[in-house]
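Notes follow once the structure below has been shown.
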Amino acid sequence: MGRLLVIDALGASLLLTLWYLAFARYNHRKGAAALRWVQLACRGGRGKVVESRWFGSSRLQARLQFASRRFDNARLTVNLRPRALPLRWLFSYWRKQKETLTFEADLDFPPGFQLEVFNHRWECGKRRDELSSKAWEFHSPGPVVLTTRAKWTQDLSPVVSALMSSREHSFLRVQFRPESPNFSATVALEAMQDPDAASGFLTVLRELAAGASAKHL
C-alpha cells in the first residue's frame, strides 16, 4: 500500500511539473507576442522596448524608452492568467479576470489633480435580439462622472474629451495623479491583437497625457 502511495505521489508530481512547464511556456509566448504588439505601436522611432523581465509565470514587465520627453520612466506590465498553477487558474477563470496590459509613466508636466476612470459595462441575462421590443426600451446614456469636487472645473475637460475619443480602445482603467507614476492606463490584452488598435495605442496615450499635462491647464 505504501509503495502505491509513493508511486501515485510521484505520478502526481510529474503531472504537475509537466503542466507547469507547458503552460509557463505558453504564457511566455503570449507575453512575447504582447511586446511585439507594443513595439508595433512604437514604430517610427517614437519609442522602443529596451528591457523586459518575468515575475513568475504570469506577469511580464518591460521598460520603454521614448525619443521625446512626453513620457519618463515608462514601463509596461502584462498580466496573464496563472495557467501554470491549476487552482489559481480555475479561480481566475471563475472570477472572469481579464488578461491586461498596463502602461505607466511620469509626465513632463505632472497633473495638478487626481483622477481615476473605470470602464464598467452591465448586461442583462439575455441577448438583445432575444428580448421582445415591446417589453424593453433601449437607451444609450452618456458617461457618468462621480467626483469629490464641489464644483466641476474646466481643467478636467481636456482629459474627459480625450477619454471619450479613446473609447474604441477599451481602456479598463485610466489614472492621473501628482505622484509617480503620474499616468497609468490599463487595456484588455485581447484588444491589442487588432493591428489597427495596436498601431493607434501610443497615439491615444499621448492624447490622454497631453490633456492632463499641467502645462496646458
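No lab work stands behind these numbers, since they all come straight from the coordinates. Remember, it's a predicted structure, so these values are computed and weren't measured experimentally. Cβ placement follows ideal geometry from the backbone for every residue including glycine, while neighbour counts extend to all protein chains displayed.
Key figures for this structure:
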| read-out | value |
| --- | --- |
| Förster radius 30 Å - calculated FRET efficiency between residue 68 and residue 32, Cβ distance, rounded to 0.05 | 0.70 |
| Ordering of 85-91, 12-18 by packing [mean C-beta count within 10 Å, highest first] | 85-91, 12-18 |
| Where labels lie 7 Å past Cα in the beta-carbon direction, separation of residue 96 and residue 13 in nm | 4.0 nm |
| Packing-based ranking, highest mean first, of 20-28, 34-42 given that Cβ atoms within 10 Å are counted | 34-42, 20-28 |
